[in-house]
Amino acid sequence: MTDTKPAPALPLAPALPLEGLRVLDFAQFLAGPMAALRLADLGAEVIKVERPQGGDLCRKLVVADQMFGDDSLLFHTINRNKRSMAADLKNADDLEKVQALIASADVMIHNFRPGVMERIGLDHASVAAINPRIVYGTVTGYGNSGPWRDKPGQDLLVQSLSGLTWLSGNRDDGPVPVSFAVLDMATGNHLVQGILAALVRRGVTGRGGLVEVDLMSSAVDAQFEQLTSFFNGDRKQPPRSAVANASVHGAAPYGIYQTADGYLAIAMAPIATLADLMECEALAPYRDPAIAFSKRDEIKPVLAEFLKTGTTRAWLDRLEPADIWCAEVLDWPRLSQTEGFAALDPLQQVTSEDGATMTTTRCPIRIDGRTLTSPRGAPRLGEYNS
């Protein structure tokens, strides 16, 4: 007699943490949309509210001359897995529709300059009157008060004002910016952290709240280690290393060095140990660890010259078995061919409504062992209206 019992049903994948939550994304460009993207990755329904004429300005912010359909590739990178509602917030009928949507939302995000939402009637107090449970997140460049409140909150400009550009490069270089929108990303992550904390509190109290972040505060926070030393020291700008600078407070050998065929990064390591492992007699006068910082501009040029006598692989073969913290310096073409990159599986394919596909990065978070990907591309303008 054969066993006719049905096969056990496969367990359903656990729900993502934010499934069932609705997020309204009024933000443009990077920091606010990046925060909304991360909430979407974690399961929330995200609806972009955009201008009927042109939508989010990021749709036309073209980077590296790359488009995806009618929009910039950048727009699709940071707005995938969202929906779009086109609404003129100065139009009474459209505003009424947006207010109805607010009544059903859990989170609202915007990055308008201070005062704009107050004039429209969608400031925090007005929105909370419609929906007391909503978590209201704002992004500004420099906060809501003070003489800088109306300055443009753009990443490079905030880097320049914050002192960040004097941390990279060597001593004789001018200011060196980070060449990607590091403060937009940091600020977006801070907004996500605040929103999630407010949602947890709402689960206890039943009431929403206001979460405010700004690029300048995130820039200061990113430099907490260096600024703490500055404010507890002589309050003078710390000098960068003359050679191989990688940290204004780092002792030798901390930095990146040229080899015979590439570059090698070396982090913290005793100079005496390096001298022995590499058989570098020129480092002998600097074996005392107490001088690794004060004499770094003598030590680093010696090390830099010596490392040019061998290949990157030859130095790694000597240093890595001795547990010296070092690494080859890779560019993107070489990184993308490594087994380590493949093992992380950090990329995903997204598909637009017309079937075109693009490759982008995935959410860096895993939930319950699950890698979070979302194949749906960015929305066409106003697709949620119908």
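The values are calculated or read from the model by the stated rules, or taken from the named source; none is laboratory data. From a predicted model like this one, the values you see are computed outputs, not experimental measurements. Heads up, the Cβs are rebuilt from the backbone with ideal geometry, glycines too, and the neighbour counts pull from every protein chain shown.
Check the stretch 119-128 and report whether any residue there is under 20 Å from the mean Cα position of the chain (by Cα), modelled with pLDDT of 95 or more and among the β-branched types (V, I, T). Spell out how you get there, then give the answer.
Of the stretch 119-128, the ones under 20 Å from the mean Cα position of the chain (by Cα) are none.
No, the stretch 119-128 contains no residue that is under 20 Å from the mean Cα position of the chain (by Cα), modelled with pLDDT of 95 or more and among the β-branched types (V, I, T).
Inside the stretch 202-220, can you point out the residues that are without any contact (Cβ under 8 Å) to a residue 40 or more places away in the chain and surrounded by fewer than 14 Cβ atoms within 10 Å (Cβ to Cβ)? Show your work before the answer.
First, pick out the residues of the stretch 202-220 that are without any contact (Cβ under 8 Å) to a residue 40 or more places away in the chain: 203-205, 218.
Residues satisfying the conditions are G203, V204, T205.
Tell me which residues, restricted to the stretch 242-297, are in contact with an Asp or Glu (Cβ under 7 Å, 6 or more places away or on another chain) and under 25 Å from R334 (Cα atoms).
Listed by number, the residues that qualify are G262, L264.
I'd like to verify a number: residues in the stretch 172-186 that are touching a helix residue (DSSP H, G or I) at 6+ places or on another chain (Cβ under 8 Å) and farther than 14 Å from L156 by Cα, how many?
Step one: of the stretch 172-186, the residues touching a helix residue (DSSP H, G or I) at 6+ places or on another chain (Cβ under 8 Å) are 175-178, 181-186.
With farther than 14 Å from L156 by Cα added as a condition, the list becomes none.
Summing the residues that are touching a helix residue (DSSP H, G or I) at 6+ places or on another chain (Cβ under 8 Å) and farther than 14 Å from L156 by Cα in the stretch 172-186 gives 0.
Has the stretch 255-270 got at least one residue that is closer than 19 Å to A327 by Cβ, in contact (Cβ under 8 Å) with a residue 60 or more places away in the chain, of a type outside the set (V, I, T) and touching a Ser or Thr at 6+ places or on another chain (Cβ under 6 Å)? Full working, then the answer.
Keep residues of the stretch 255-270 that are closer than 19 Å to A327 by Cβ, which gives 255-270.
Now narrow it down to the ones that are in contact (Cβ under 8 Å) with a residue 60 or more places away in the chain: 256, 262-266.
Pick out the ones that are also of a type outside the set (V, I, T) and you get 262-265.
Pick out the ones that are also touching a Ser or Thr at 6+ places or on another chain (Cβ under 6 Å) and you get 262, 264.
Checking the stretch 255-270: at least one residue is closer than 19 Å to A327 by Cβ, in contact (Cβ under 8 Å) with a residue 60 or more places away in the chain, of a type outside the set (V, I, T) and touching a Ser or Thr at 6+ places or on another chain (Cβ under 6 Å).
For the stretch 207-220, which residues satisfy the criterion of being part of a helix (DSSP H, G or I) and over 14 Å from the mean Cα position of the chain (by Cα)?
Taking the stretch 207-220 as the starting set, the residues that turn out to be part of a helix (DSSP H, G or I) are 215-220.
Correct list: M216, S217, V220.
Being surrounded by 15 or more Cβ atoms within 10 Å (Cβ to Cβ) and not in a helix (DSSP H, G or I) is the filter here; which residues of the stretch 224-241 pass it?
Selection gives R240, S241.
Going by the conditions given, is A246 touching a residue at least 24 places away in the same chain (Cβ under 8 Å) and not assigned by TED's automatic domain parsing to the domain that holds L164?
Values: touching a residue at least 24 places away in the same chain (Cβ under 8 Å): no; not assigned by TED's automatic domain parsing to the domain that holds L164: yes.
So A246 does not fit the description; no.
Of all the helices (runs of 4 or more DSSP H) wholly in the stretch 275-386, which have at least 1 residues that are in contact with a strand residue (DSSP E or B) (Cβ under 8 Å, 6 or more places away or on another chain) and surrounded by 14 or more Cβ atoms within 10 Å (Cβ to Cβ)? Write out each step before concluding.
Details: elements: 296-307, 312-319, 332-335, 339-344.
Where helices (runs of 4 or more DSSP H) fall fully within the stretch 275-386 and carry at least 1 residues being in contact with a strand residue (DSSP E or B) (Cβ under 8 Å, 6 or more places away or on another chain) and surrounded by 14 or more Cβ atoms within 10 Å (Cβ to Cβ), they are 296-307, 312-319.
Is the stretch 144-152 home to any residue that is surrounded by 15 or more Cβ atoms within 10 Å (Cβ to Cβ), at negative phi and in contact with a strand residue (DSSP E or B) (Cβ under 9 Å, 6 or more places away or on another chain)?
So in the stretch 144-152, the residues surrounded by 15 or more Cβ atoms within 10 Å (Cβ to Cβ) come out as 148-149, 151.
Keeping just the survivors that are at negative phi gives 148-149, 151.
Restricting the remaining residues to those that are in contact with a strand residue (DSSP E or B) (Cβ under 9 Å, 6 or more places away or on another chain) gives 149.
Within the stretch 144-152 (the criterion being surrounded by 15 or more Cβ atoms within 10 Å (Cβ to Cβ), at negative phi and in contact with a strand residue (DSSP E or B) (Cβ under 9 Å, 6 or more places away or on another chain)), the answer is yes, since at least one residue qualifies.
Checking the structure you have, find out if any residue of the stretch 251-263 is in contact with a Leu (Cβ under 6 Å, 6 or more places away or on another chain), farther than 15 Å from E305 by Cα and polar (S, T, N, Q).
Here is the first cut: in the stretch 251-263, the ones in contact with a Leu (Cβ under 6 Å, 6 or more places away or on another chain) are 253, 257, 259.
From what is left, the residues that are farther than 15 Å from E305 by Cα are none.
Scanning the stretch 251-263 turns up no residue that is in contact with a Leu (Cβ under 6 Å, 6 or more places away or on another chain), farther than 15 Å from E305 by Cα and polar (S, T, N, Q).
Residues L42, L57, L61, L122: which one is of a type in the set (A, V, I, L, M) and in contact with a Pro (Cβ under 7 Å, 6 or more places away or on another chain)?
Only one candidate qualifies: L42.
Given the structure, is I102 of a type outside the set (K, R), part of a strand (DSSP E or B) and touching a residue at least 24 places away in the same chain (Cβ under 8 Å)? Outline the logic, then answer.
Working: of a type outside the set (K, R): yes; part of a strand (DSSP E or B): no; touching a residue at least 24 places away in the same chain (Cβ under 8 Å): yes.
It is false that I102 is of a type outside the set (K, R), part of a strand (DSSP E or B) and touching a residue at least 24 places away in the same chain (Cβ under 8 Å).
Please name all residue pairs, on different chains or six or more residues apart, with Cβ atoms under 7 Å, provided the first residue is in the stretch 107-136 and is of a type in the set (D, E) and the second residue is assigned to a helix (DSSP H, G or I).
What qualifies is D123/M117.
On the basis of being in contact (Cβ under 8 Å) with a residue 60 or more places away in the chain and under 25 Å from the mean Cα position of the chain (by Cα), does S72 make the cut? Before you say what the answer is, go through the steps one by one.
Numbers: in contact (Cβ under 8 Å) with a residue 60 or more places away in the chain: no; under 25 Å from the mean Cα position of the chain (by Cα): yes.
Here the answer is no, as S72 does not meet what is asked.
Inspect the stretch 52-70 for any residue being surrounded by 19 or more Cβ atoms within 10 Å (Cβ to Cβ), of a type outside the set (S, T, Y) and either within 21 Å of L347 (Cα to Cα) or outside the structural domain of L381 (by TED's automatic domain parsing) (or both) and give the result as yes or no.
yes
For residues that are acidic (D, E) and at pLDDT 95 or above, scanning just the stretch 138-190, find the one that is farthest from the chain's Cα centre (by Cα).
Going residue by residue through the stretch 138-190, those that are acidic (D, E) are 150, 155, 172-173, 184.
Still in the list and also at pLDDT 95 or above: 155, 172-173, 184.
Values: D155: 12, D172: 29, D173: 26, D184: 7 Å.
Per the criteria, the residue is D172.
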